[in-house]
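The values are calculated or read from the model by the stated rules, or taken from the named source; none is laboratory data. What you are looking at is a predicted structure, and each value in this text was computed from that prediction instead of being measured. Cβ coordinates were reconstructed from backbone atoms using ideal geometry, including for glycine residues, and neighbour counts include every protein chain displayed. For the accessible areas, the whole protein counts, side chains as well, though only heavy atoms, and no ligand, DNA or RNA atoms are used. Shrake-Rupley method; radii C 1.70, N 1.55, O 1.52, S 1.80 Å.
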Amino acid sequence: NSWLLRPLPYPDADRLVMMFESDPKDPDNQFSVRYANFFDWREQATSFDSWIATDFGVANLTGLERPEQVTLANVTPNFFSVVASEPMLGRTFLPEEGGTEDAPVAVMSETLWRNRFGADADIVGNTVTLNDRVYTVVGVMPETFDFILGTVGLWIADDFESGRTDREDHELRPTARLGPGVSLAQARNEMEAITARLEELYPETNTGYRVKMRTLRENFPGPTDRGLVEIMMAVVFLVLLIACVNIASLLMAKTDARQKELAVRVALGAGKGRLVRQLLTESVVLALLAGTLGVVLSFWGVGALIEAVPEQMPGIYMPRLDGPVFMFAIVAVASVLSGVTFGITPAMQAVSGNLRSALVEGSRGGTATRKKKRMRAAFVMAEFAMALTILIGAAVLTDLFDRRLDIDPGFDAENLLTMQLVLPEYKYGDAAEQVLFVDELEGQLEGLPVASGYAVANVLPRTRRLPSTEFTIDGQPVEENKEPETSWLTVNTTYFASMGISLRTGRSFTEADRADAPPVVMVNQRMVERFFDGESPVGRRITIQDESREIVGVVNNIAQTRLAGLEPVFPAVYFPLAQRPVHDMRIVIRTPGDPLQLAGPAQDAVWTVDPDQPIASVQTMDEYIADALAGPTIMSQILFFVGFLALALAAIGIYGVMAYSVSQQTGEIGIRMALGAKPRQVLSRVTRQGATLAGMGLLLGVPGAAAVVLLIAQIMSAAGADGLQVAEVGRVLPLLPVIVVSAILASVGLIACYLPARRATKIDPMVALTAE
C-alpha cells in the first residue's frame, strides 16, 4: 500500500511528470537535465501549466558549536506552491525570491530544526551560514514533508538563472504539471518535437539526447523496487493460498464428521441453501476472528519493519496500518473473501448427495464419497503445486541476494573507521587548495598514536553510486558514441595498503605522482580482463577525462557497489589524488582495535586543519556496509521468513490432508487385512497412492515455478544498475533447488501416508471393520 497504492500527498499527483535526459548510447539510462535545456523546455512547451526544478547537494553549516554537513535542495521559488505543502512555522518562498539578491532565504526541515536548533520557535527570521553565505530562515516544514529525497535539511530558493546558457552540466531534476485536458502522450509528443529542434540548434551538446517522461508514481518507486514489491506480493499471496487450502481441507474433514447432524437438519425441513449459508457463516466468523488477531499481531510486525528500513527512506513510503490496510486485511481479502472462497467448497461438498443416507448406521459412501476423495486429492495436488512454486521462487530470490551480500569484498574491512568530508568550493575552489588540504590532513593523521594506516578516496566500496566515465585505449580506433565506460576512483598513495587491496603487477602510486608529474593511472584486474584480453597493460596508455595517461599498476578487484552483479566487479580506473583531486572525499583509518575509539582524535585532526570543516558519517566500515546493504538484507530476510512459513504451512497442510485421507480408509484397510493382505502390502499400496498424488502435484507446480522464475528474470533485468541479469537468474534455477524442495515436500507426503496407514495396520481387523 505504501509503495504502490497509497496516493502521493500532492494535489493531482498523477499529473505531475518528472523529466530526464536519455543516454545517447543507452536509451534506458537517464541523466538529470542540463540547465539550458530546462529553460528551453519551460519556455517552448505548452502542455504544462507549471514547472519546478530541484538540484540536490550538500553544504557546510557553520556558526554553531560544531560545523555540520547538511543536504540541500535548491528549488525554484514556486516549488512548495506546486506540491501544495504548507510549513509548520513561518512561510515558504515568494515568487520574487531565488535570484542573486543580497538576502537569500531558506526553509528548514523539522528534523534539522529539532536536532540542531533545539526546536527553537523563534528560528523564523534568524540566519544560518551555509558555505560561508548567510541565509535567512523563513519557514520550517513539517516532519511528514518530503519530495523525491527524504533526508533534505534545507531548501534554498533558486531561479537557476545563472545556468541559463549551460548546456554541459546535467544537474537539474525538472517536474511539470500537465495542463487541463492534456494527456501524457500529447505532452510526450510535444517534448520530443522540442528536443529534436534543440538537437538541430545545438548539435555539439544535444545530439542523441532525448527527453524521458514519467509520472511521479511511475518514477517512485523505480521499476526494480516496484518489481521486487510485486514479487513479494505474489509470494505472500501464494502463502495465503496455501493457508486457505489447509483451512478448506480442515473444513471438509469437519463437515464429514457433521454429516449426521446435517442429515437431521434436512430431515427436519432445512433446505440445502440454508445449510450452505450456515456453514459459510461459520467459516467467515472463523476468518474474521483470525483476521482480527492477525491485525493485532501485525502492529508488532510493522513496527519491526519500520525499525529495519533505512533512514533514507522517504516518509511517504513508510509502512503504516491505515484505514485501507485494515479494510483489506479484515474485509477485502484476508478474512471475508478467504472465508467465503475457501468455505464454499466444503459447504457445497457437505450438502451434496443423499444426506438422509447418513442417518443409516454404518452406511458407506457412494458417489458423494468418490467426489470427496477426488476433492481431497485435488487439494493435495494443489498444495504440492503451490508449495513448489513459492519455494522455488523464494529460493531463487534469496540466493540472488545472498550471493551478493556474502561475496568476497576484495579488501580487509576489519578495524576501519570511515568519515565523509565535502570541501566547500568557496574555500577550496581549485585543485591546488584541495591537494594542500589532503596533505595537511595526512600530516595530522600520521600523528595519531593508534592509527596504523589511512586512505583517502572519492567513494567507498559497496557504494550506492559508482562514478563512471568514458575512455579509449590509445592506438585503438573506436566509433563515435561507442566509447567504452569504466568506473573511476581517485585515491591517495596509501589507499591500497591501508584498505588491504593487493597489487598484482606494476607499481602503486607514490609521492612522485604529483600534479606536475606525468599523468598516470592504475586499473583493476577486471579492466585487464575486459579490455586488454587478460594481458598486462602496464606501460600502455588510455585517454580518460580528456587526458592521455600511462597505466602503471594493476590491483585486485573489490566489491564496488552494494549489490555486485553478473560480474563480480566493474572495470575500474584509479587516479592519484594529487593529479585528480575532488571536493567530496571519504577518509578511512585502520586501527589495531575498536575503530570508534579513534573517532574523536580523527575528527580533531580534521578540525586542526580547518575548524569549520564538517565531518559526516563517522562510523566503522562494517556499519557503513551494513547501512549500504540494509535494503537487500531486509529483502533477503523477508524472503527467508516467507519461504520458511510457506514450507511449514505446506508441510502441515499436506500432512493433514493426506493423513486424514488415509484415516478415512480404515474400514477398507480392515477388509483387505481380513481377506489376508499383509501389513507391508497395505502400507505399500497406501504409500503409492500418496506418492502418485505428490508426483502429480509437483509436476503441476513445475510450470508455475518456471513462470515465477521468468518473472524474476524479467524484473531483475531491469536492475541493470545492480547487475542482476536474466542470464544469471537462468543459472540460479538449476536442478538443485527443485530437487531439494521436491524431496522435502514428497517426504512430507510419504510420511503423512505412512504413519496413519501403519497405525491402521496395527488395529485388529474386526475393530477396523466396525470403525464407522
The alpha-carbon center of the range 546-560 and that of the range 129-198 are separated, in whole Å, by 37
Sorted by accessible surface (1.4 Å probe, heavy atoms of the protein chains only), largest first, 384, 48 come out as 48, 384
Scoring the chain by relative contact order with C-alpha pairs under 8 Å, at least six apart, yields a percentage of 16
Mean Cβ-within-10 Å packing, highest first, puts peptides 504-517, 230-243 in the order 230-243, 504-517
Output ordering of 646-659, 206-219 (per-residue mean of other Cβ within 10 Å, highest first) is 646-659, 206-219
Distance in nm between residue 320 and residue 759 label points, each 7 Å along Cα→Cβ, equals 5.1
Taking a probe of 1.4 Å and leaving out DNA, RNA and ligands, the chain shows per residue an accessible area in Å² of 46
Protection proxy (average C-beta count within 10 Å per residue), highest first, orders 1-8, 107-114, 38-45 as 107-114, 38-45, 1-8
P(r) over all Cα-Cα pairs of the range 574-705, 5 Å bins from 0 to the longest distance, whole percent per bin, short to long, reads 2, 7, 9, 10, 9, 8, 6, 5, 4, 5, 5, 6, 5, 5, 4, 4, 3, 2, 1, 0
Between the alpha carbon centres of the range 451-524 and the range 30-55 the gap in Å comes to 36
Inter-part gap, Cα centre of the range 677-694 to Cα centre of the range 270-315, in whole angstrom, is 39
Heads up, the range 97-170 by the C-alpha gyration tensor (a ≥ b ≥ c square roots of eigenvalues; a/c under 1.5 rounded, else a/b over b/c prolate, else oblate) looks oblate
Heavy-atom accessible area of the chain with neighbours in place, 1.4 angstrom probe: carbon+sulfur share in percent works out to 58
Scaled by the rule-of-thumb 2.2 N^0.38 Å, the alpha carbon Rg for the chain gives a ratio of 1.22
Surrounding charge for residue 459, neighbours by C-beta under 11 angstrom, Lys/Arg +1, Asp/Glu -1, total +3
Counting sequence-distant residues (5 or more places) and residues on other chains, those with an amide H built under 5 Å from that of residue 423 are 584, 585
Where a ≥ b ≥ c are root eigenvalues of the Cα gyration tensor, a/c under 1.5 meaning rounded, otherwise prolate if a/b exceeds b/c and oblate otherwise, the range 7-50 counts as oblate
Scoring the range 484-627 by relative contact order with C-alpha pairs under 8 Å, at least six apart, yields a percentage of 30
Taking Cα atoms only, helix 35-44 is inclined relative to the longest principal axis of the chain by an angle, in degrees rounded to 10, of 70
A convex hull over the alpha carbons of the range 623-697 yields, per residue, a volume in Å³ of 108
Taking placed amide H atoms and a strict 5 Å upper bound, the residues 5 or more places from residue 560 or on another chain that come that close are 462, 570
Note on the range 596-649: C-alpha Rg/Rh, Kirkwood Rh, two decimals, gives 1.36
